[in-house]
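Structure incoming, see below.
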Amino acid sequence: MLTCVGFDLDMTLIDPRPGMVAAMNRLGEDNDLPLDGEHFAAHLGPPLDQSLRGFGAPEDRIPDLITQFRTNYPDIVIPRTVALPGATESLRAVRELGATTLVVTGKYGPNADLHVKSLDLPVDRLVGDLWSTGKAEALIEHGATVYVGDHIGDMHGARAAGAVAVGVLTGPCSRDELVEAGAEVVLGSLTELPGWLHGTFA
C-alpha cells in the first residue's frame, strides 16, 4: 500500500545547476579560494562541507563559508532554478493515489523550502540537512513506502529505511551505480514515474 513517497530535491525534482555554478564561484571570489562552480554543480548530492573540503578549503573557515553560501543562495540560486521534466506530474500522481509527498534533501532546509515555494511544487512535507543513510530517519518517521533520487546516497537512504529505492538518471550517477547502491527500479527521468506508480500501486 502506498502511504508516502519521498523525493530527493537537487537533480531529482529540480535543476539548480546554473545557480550553483554562480554561487560557488562567487564564494570563491569573495574569499580568494579555488572553488570550482562547474565541478560542484556537476556533482550535486553530498553535503556542502564535504564539497568545500574537496576543494581544499581550510577546515577552520568551512563554517563561515557555509554561512556565506547559504546567505547568498536565495538571490543567486533560486531565480536560476527550474523544475525537472515530470516533477510536478510525479508529485500529483502520488496524491492521486491517496499518498503524501515528502522531500528529504541534504540541502539546508530553509533554502530547500524556497525552491518548493518558488516552483509551486505540490509537496506536503520537507526535511532538510539529511544525507545518505541519514535520510532514513525522516523516511521512517513519515512512513515513506518509496524514495526517489538521483544519487547513490539516496539509494542507501531508501534501503536503510526499508523503502523501495527508485533511481532516476538525471543526476551524476549511472544506472549501474544506482543499481549497485540498491536501486530496485531505475527510470530515465521523472516523466516515467507516474506510469510506474499507477502500474505498481493503483
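Looking only at the stretch 107-120, count every residue that is in contact with a helix residue (DSSP H, G or I) (Cβ under 6 Å, 6 or more places away or on another chain) and of a type outside the set (Gly, Ala, Ser) and tell me the total.
3
Show the residue pairs that are 6+ apart or on different chains and have beta-carbon atoms under 8 Å apart, the first residue being within the stretch 129-145 and more than 14 Å from CYS4 (Cβ to Cβ), the second being loosely packed, with under 15 Cβ neighbours inside 10 Å.
ASP129/GLY109
Please specify each residue of the stretch 102-128 satisfying the condition of being closer than 16 Å to SER90 by Cα and over 12 Å from the mean Cα position of the chain (by Cα).
LEU119, ASP120, LEU121, PRO122, VAL123, ASP124, ARG125
Residues checked against (1) farther than 21 Å from PRO16 by Cβ; (2) modelled with pLDDT under 95:
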residue: ALA136; (1), (2): yes, no
residue: GLY188; (1), (2): no, no
residue: GLY199; (1), (2): yes, no
residue: ALA202; (1), (2): yes, yes
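For GLY6, indicate whether it is under 30 Å from THR200 (Cα atoms) and touching a Gly at 6+ places or on another chain (Cβ under 6 Å). Show your work before the answer.
Numbers: under 30 Å from THR200 (Cα atoms): yes; touching a Gly at 6+ places or on another chain (Cβ under 6 Å): no.
So GLY6 does not fit the description; no.
Further question on the same structure: Scan the stretch 178-185 and tell me whether some residue there is surrounded by fewer than 19 Cβ atoms within 10 Å (Cβ to Cβ), in contact with a His (Cβ under 9 Å, 6 or more places away or on another chain) and free of Cβ contacts under 8 Å to residues at least 40 places away in the same chain.
yes
Is it the case that PHE7 is within 17 Å of PRO110 (Cα to Cα), touching a residue at least 12 places away in the same chain (Cβ under 8 Å), in contact with a Leu (Cβ under 6 Å, 6 or more places away or on another chain) and aromatic (Phe, Trp, Tyr)? Full working, then the answer.
Working: within 17 Å of PRO110 (Cα to Cα): yes; touching a residue at least 12 places away in the same chain (Cβ under 8 Å): yes; in contact with a Leu (Cβ under 6 Å, 6 or more places away or on another chain): yes; aromatic (Phe, Trp, Tyr): yes.
Spelling it out, PHE7 is indeed within 17 Å of PRO110 (Cα to Cα), touching a residue at least 12 places away in the same chain (Cβ under 8 Å), in contact with a Leu (Cβ under 6 Å, 6 or more places away or on another chain) and aromatic (Phe, Trp, Tyr).
Residue check, LEU84 against (1) under 19 Å from ASP150 (Cβ atoms); (2) without any contact (Cβ under 8 Å) to a residue 24 or more places away in the chain, all met but one. Which one?
(2)
In addition: Across the stretch 119-155, what is the total count of residues that are of a type in the set (D, E, K, R) and open to solvent by less than 10 Å² (accessible area, probe 1.4 Å)?
Going through the stretch 119-155 one residue at a time, the tally reaches 3.
With the requirement that a residue be open to solvent by less than 30 Å² (accessible area, probe 1.4 Å), more than 19 Å from GLY45 (Cβ to Cβ) and part of a helix (DSSP H, G or I), what does the stretch 91-109 give you?
Hits for the stretch 91-109 are LEU91, ALA93, VAL94.
Is it true that some residue in the stretch 146-158 is of a type in the set (Ser, Thr, Tyr) and over 22 Å from MET1 (Cβ atoms)?
Looking for residues that are of a type in the set (Ser, Thr, Tyr) and over 22 Å from MET1 (Cβ atoms), one finds none in the stretch 146-158, hence no.
The values are calculated or read from the model by the stated rules, or taken from the named source; none is laboratory data. Source: prediction; values computed, not measured. Methodologically, a virtual Cβ is constructed for each residue, glycine included, from the backbone with ideal geometry; neighbour enumeration extends over all protein chains shown. We work out accessible area using only protein heavy atoms, side chains counted, and drop any ligands, DNA or RNA first. Shrake-Rupley method; radii C 1.70, N 1.55, O 1.52, S 1.80 Å.
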